[in-house]
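Working notes, structure below.
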Amino acid sequence: MYKQSLPLRFLKQISIVTVAGLFAFPLYWVVVTAFNTKGGVYAIPPNFIPAFHLGPISYVISNTSWMHYLLNTVFIAGTTVLLVLISSAMAGYALAELTFKGSNVLFLLIVGVMMLPSQALLIPQYAVAFRLHLLDSYTVQIIPFAASTFGIFLFRQFFKSLPREYWESARLEGTGHLRYIARIAMPLAKPAVMTVTLLTFITSWNQFQWPLIITTSHSIQPIEVALSHYMQTFEANWRKLTSAVVLALAPIVLLFLLLQTHIVNGVAGRDSGVNR
């Protein structure tokens, strides 16, 4: 196997660290600004060390509807994840284990949907929501995202890797398809479950365009839309605005850092026997 020379490996590591630093610096600067003092925000030269001044964050938590927006987002994201897991597991199982006419064509159509930009579906989705009288509701923020083409694809690959003997043994014991999925297939597909759960939760948490278009009541809007309101409320008060950003990002960043290995293992199919 070809081995890179020491200078080349060193240069590669330096390049990786540099690119990672460039991408991480805006987030780090938001944190520095949120914890800075009032005079430190406009100091020249700037202070790159957080001052850990908690006044702005305390103000956002205690004097705004932040907790209400947070609960809205948790409810929307959590419900979306649950529906995506159910629909993806059942559709993936059907495509992997059940034999029916046109299954391959249906799978190709599902994969093809993955290539459609979400913006291309905005007008049809809005028209359907309008006809069904679902505008400005929790339902319209959840139902359009209750199925995931990526989730269906990933579960199909995992279920196809399971030995057929598992299903044969379960059938001899009188186990039906739904019980087999819940009791046997899903636990064995843990990497897929974790990957779909995490990616769906992150995507739902970061939703902005659709809720902004489809909702008008502040009482049902998620965090990302709330941030756009805070931009107008706080105007040039950068400490309060960045404090709201930090509070919005903190849960999802911590969740990603804790579970990032599951994304790698699930997508790459490590220790899972995924059919490639």
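A compact globular protein would have a Cα radius of gyration near 2.2 N^0.38 Å; the ratio found for the chain is 1.24. What the phi angles of segment 81-97 give under the Karplus curve with 6.51, -1.76 and 1.60, with θ = phi - 60°, is a coupling list of 4, 4, 5, 5, 4, 5, 5, 5, 5, 5, 5, x, 5, 4, 6, 8, 10 Hz, glycine and proline written as x. Placing unit charges on each Cβ (+1 for Lys and Arg, -1 for Asp and Glu) gives the chain a dipole about its Cα centre, and among LEU162, ALA250, VAL74 the Cα reaching farthest toward its positive end belongs to LEU162.
Here the Kirkwood formula puts the hydrodynamic radius of segment 1-150 at 21.3 Å, using every distinct Cα pair.
Considering segment 137-186 at the alpha-carbon level, its Rg and Dmax are found to be 14.9, 46 Å.
Between LYS190 and SER65, the contour length at 0.36 nm per residue exceeds the Cα-Cα span by 41.3 nm.
The charge dipole of the chain, taken about its Cα centre with unit charges on the Cβ of Lys, Arg, Asp and Glu (plus for the first two, minus for the last two), comes to roughly 620 debye. In terms of other Cβ atoms within 10 Å, TYR180, TYR59 run from fewest to most in the order TYR59, TYR180. Across the options PHE208, MET231, LEU6, the greatest Cα extent toward the positive end of the charge dipole of the chain (unit charges at beta carbon of Lys, Arg, Asp, Glu) belongs to LEU6.
Each Cα pair under 8 Å and six or more residues apart adds its separation to the average, and for the chain the resulting relative contact order is 30 percent.
By the Kirkwood approach, averaging reciprocal distances over each pair of separate Cα atoms, segment 177-267 gets a hydrodynamic radius of 15.6 Å. Highest GNM mean-square fluctuation among ILE142, ILE220, ILE14, for the chain modelled with Cα contacts below 10 Å: ILE14.
The numbers here are math on the coordinates, done by the rules we state, and not lab data. Worth saying up front: this structure is predicted, and the values here are computed from it rather than measured. Cβ sites come from the backbone with ideal geometry, for glycine too, and all protein chains shown count toward neighbours.
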